[in-house]
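The values are calculated or read from the model by the stated rules, or taken from the named source; none is laboratory data. Since we're looking at a predicted model, the values are computed, not measured. Every residue, glycine among them, receives a Cβ derived from its backbone with ideal geometry; neighbour counts consider all protein chains shown.
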Amino acid sequence: MSIALSVFAKALIVVPITLLPILNPIAVAPIFLSMTGPMDQQMTNRLAKRIAFNCFFLLMGAIFVGSYVLDFFGISLPIVRVAGGIVVGMAGWKLLNDQGGDKLRNTVAATANNWSKEELKRHSFFPFSFPLTVGPGAIATSITLGAQLPAKPVDWIIVSFAGAMGVLLTCFAIYLSYRFARKLESFLGEVGATVLMRLSAFILLCIGIEIGWNGFTALLEDFIR
């Protein structure tokens, strides 16, 4: 029993520790604010909850079926990193060079406050859930975690359940970061929030380049071999 608990605790801790630095929802929160504008708090709460819900299933899918999907289509992890790095890098570049932020925020907020349930589902997935929150780096890492699941049925069940709980904790952190992003903005002030948003956009651009570069170098190594 003690061995099982040890395996469970290790798997439970490994998932959030591995994914949270990559997801980094606190750093993404200013970008979330810049894309939603002065949305009312009730709609922000609903959007944050929906994003966390989407991220849970994205990460769970990547852990448990991601490697099988890639094998089925003959897609390698380096290809996922290259393609995802381009998407993330373009998102960061667009936010970094956005000169019409106030106009964009007001336009988005004017429609967002009147989103229907279906519109909320659609907008919460792209671009908020993917690729802004769960990007290619997180997906590739989740697939790697899934590939390391033990083969023994009992251990597989224990580790899988612990992994699911770890994903749940990770998504709860995402929810809190987005739900209270407005309070962070109030604490920093308008200038501080703008600086943090631009800095976060630059970091997002760098992350995209790094993800793409890692995928490219892996492909290059395979080509040389």
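When you check residue 216 against the structure, is it among the aromatic types (Phe, Trp, Tyr) and more than 24 Å from residue 22 (Cβ to Cβ), yes or no? Answer is no for this residue.
Within the group 187, 172, 202, which residue is within 11 Å of residue 31 (Cα to Cα) and assigned to a helix (DSSP H, G or I)? It is 202.
Could you say which residue among 161, 202, 172 is exposed (fewer than 15 other Cβ atoms within 10 Å of the Cβ) and over 30 Å from residue 6 (Cα atoms)? Talk me through it step by step, then tell me what you get.
On the way: 161 fails: over 30 Å from residue 6 (Cα atoms); 172 fails: over 30 Å from residue 6 (Cα atoms).
Testing whether each residue is exposed (fewer than 15 other Cβ atoms within 10 Å of the Cβ) and over 30 Å from residue 6 (Cα atoms) leaves just 202.
Suppose we filter 94, 103 for residues that are at pLDDT 75 or above and basic (Lys, Arg); which single one remains? Reasoning before the result, please.
On the way: 103 fails: at pLDDT 75 or above.
Going through 94, 103 in turn, just one is at pLDDT 75 or above and basic (Lys, Arg): 94.
The set of residues in segment 145-161 being in a helix (DSSP H, G or I) and either over 13 Å from residue 64 (Cβ atoms) or under 16 Å from the mean Cα position of the chain (by Cα) (or both) consists of 145, 153, 154, 155, 158. When each of 29, 62, 4 is tested for being at pLDDT below 85 and either of a type outside the set (Phe, Trp, Tyr) or in contact with a strand residue (DSSP E or B) (Cβ under 6 Å, 6 or more places away or on another chain) (or both), the lone residue that passes is 4.
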